[in-house]
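First the structure, in the form of structure tokens, and then the observations on it.
The values are calculated or read from the model by the stated rules, or taken from the named source; none is laboratory data. Only a predicted model underlies this, so the values are computations on that prediction, with no experimental measurement involved. Here Cβ is always computed from backbone atoms with ideal geometry, including for glycine, and neighbour counts include all displayed protein chains. Keep in mind that these areas ignore ligands, DNA and RNA; they rest on the heavy atoms of the full protein, side chains included. Shrake-Rupley method; radii C 1.70, N 1.55, O 1.52, S 1.80 Å.
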Amino acid sequence: MEPMKPETSDPRVEHAASLIRNVPDFPKPGIQFKDITPLLGDSGAFEGVIDVLAESAPAGIDAVCGVESRGFLFGAPLALRLGVGFVPIRKPGKLPGTVVEEHFDLEYGSSVLAMHIDGIQAGQRVLLVDDLLATGGTLCASGKLIHRLGAEVAQVQVVIELADLGGRANLATCGLNEVLALLQTP
């Protein structure tokens, strides 16, 4: 797999790209895992990524929703930077209280995501954040949860997009048209 290319010429994004490493055949043969731990371990690079995401967010965001689990790593500090609340989107059984769930298909099977029904309010503009966009199934399901609660996904932000997997096009089919990826694989 070719190296990632920044979607922008921002030196903060270029530095982040230099820290993300490919781990072949993890967690199973044929997968090129994108290891973000070196990026997270470099406070300057991590802060730079959060800064770029915050600067790229549309105006009038009311909340940031992050997808379990690596979406939490970028979503929570981004929410703090934007001065709004953070709402976790989790696997079933991980949230106390009343939740709304969305079932969705994966490449080999199915899964479920959940969020608190009072995590966001109808009419709010939400920033949906995850570390990676692959086929788009998880983010599409997350967007459906947000829409079911009456809120609008103003933008989807990811650090890495695996462009050859068609996730951006899949997001468009579920109404998620505003997508920002800091880094893309060719």
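Tabulated results
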quantity: Residue among S9, S69 that is under 21 Å from L128 (Cα atoms), at pLDDT below 95 and polar (S, T, N, Q); calculated: S69
quantity: Any pair with Cβ under 8 angstrom, 6 or more apart, that starts in the range 54-70 at a residue that is free of Cβ contacts under 8 Å to residues at least 60 places away in the same chain and ends at one that is in a helix (DSSP H, G or I) and not aromatic (F, W, Y); calculated: A54/L78; A54/R81; A54/L82
quantity: Subset tally (residues that are under 9 Å from L127 (Cβ atoms) and either open to solvent by less than 10 Å² (accessible area, probe 1.4 Å) or within 15 Å of the chain's Cα centre (by Cα) (or both)) for the range 45-64; calculated: 4
quantity: Residue among E161, E101 that alone is touching a helix residue (DSSP H, G or I) at 6+ places or on another chain (Cβ under 9 Å) and open to solvent by 40 Å² or more (accessible area, probe 1.4 Å); calculated: E101
